[in-house]
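Novice: Please read through the structure below; I'll follow up with questions.
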Amino acid sequence: MNKGKETRKRILKESRKLFTVRGFQNTSVSEIIAVTGVKKGNLYYHFPSKEELGIAVLLDAAQEFSVILDRSLSGDDPMEKIITSCQAIMELMQQTHFVGGCLFGNTALEMSGINPRFGEILQDVFGLWTKKLRTELQKAEESGQLSGKLTVDALATSIVAILEGGIMLSRVYENRQALEQCIRTIKTLLEPE
């Protein structure tokens, strides 16, 4: 990888950490420069504005999350795949010791109504996540594993919302309890009657 690509990658990685913990609007350009070690001109060479950097961070994180989601939807049957994906979310949060929470959830609360491009990217992320869960739930329904308490669409949306809520509460309390409880709730929702 050439030096320019390495610099760009470092800026994205370090900015993502800042945006996740501090929020986009509360992160200054000087903080980004300090943690990345690049000069202001170099930062603006790669990203013409802070908004462009924020969009690039979201797109980079979205691509990474899609890969993680694909890998985590593994198992012998659709229900197992969904639970495995929930556990992968737990592992991601444990890596940060529940500090910061979810970049996508945080940014949705902060920026969706302010910057349309941020909102579009977040809709794509949550839409893809819901779609992948819906696909597995549809398979479970077709094989008779799903009870029909909720529609496939409602259940897929609920799983994402429950996980995001669990991530938020685990961030507040800086421990895994809330997210663990949310995953247990999802397992209960998936159990046949």
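The values are calculated or read from the model by the stated rules, or taken from the named source; none is laboratory data. Keep in mind the model is a prediction, meaning the values are calculated, not measured. Reconstructed Cβ throughout: ideal geometry from the backbone, glycine too, with neighbour counts over all protein chains shown.
Novice: Suppose the filter is touching a residue at least 12 places away in the same chain (Cβ under 8 Å), closer than 28 Å to Q63 by Cβ and over 19 Å from the mean Cα position of the chain (by Cα); does A140 pass it?
Specialist: yes
Novice: If I filter the stretch 122-154 down to residues being farther than 29 Å from M111 by Cα and basic (K, R), which single residue comes out as surrounded by the fewest Cβ atoms within 10 Å (Cβ to Cβ)?
Specialist: K149
Novice: On to the next question. Scanning for something under 30 Å from P192 (Cβ atoms), hydroxyl-bearing (S, T, Y) and at pLDDT 95 or above, does the stretch 83-102 turn up at least one residue?
Specialist: yes
Novice: Right, another one. List, please: which pairs have Cβ atoms under 7 Å, are six or more places apart or on different chains, and start with a residue in the stretch 114-131 that is in a helix (DSSP H, G or I) and small (G, A, S) and end with one that is modelled with pLDDT under 95 and surrounded by 14 or more Cβ atoms within 10 Å (Cβ to Cβ)?
Specialist: From the stretch 114-131, the pairs are G119/S112.
Novice: Only one residue in R184, R171 is surrounded by fewer than 18 Cβ atoms within 10 Å (Cβ to Cβ) and part of a helix (DSSP H, G or I), so which one is that?
Specialist: Checking each option against the conditions leaves just R184.
Novice: What are the residue pairs meeting all of these: first residue in the stretch 34-60, first residue under 12 Å from R117 (Cα atoms), second residue of a type in the set (D, E, K, R), Cβ atoms under 6 Å, and 6 or more apart or on different chains?
Specialist: Pairs that qualify, where the first residue is under 12 Å from R117 (Cα atoms) and the partner is of a type in the set (D, E, K, R), are I55/R117.
Novice: Which condition from (1) under 24 Å from E64 (Cβ atoms); (2) in contact (Cβ under 8 Å) with a residue 12 or more places away in the chain is the one that T135 breaks?
Specialist: T135 satisfies every listed condition except (2).
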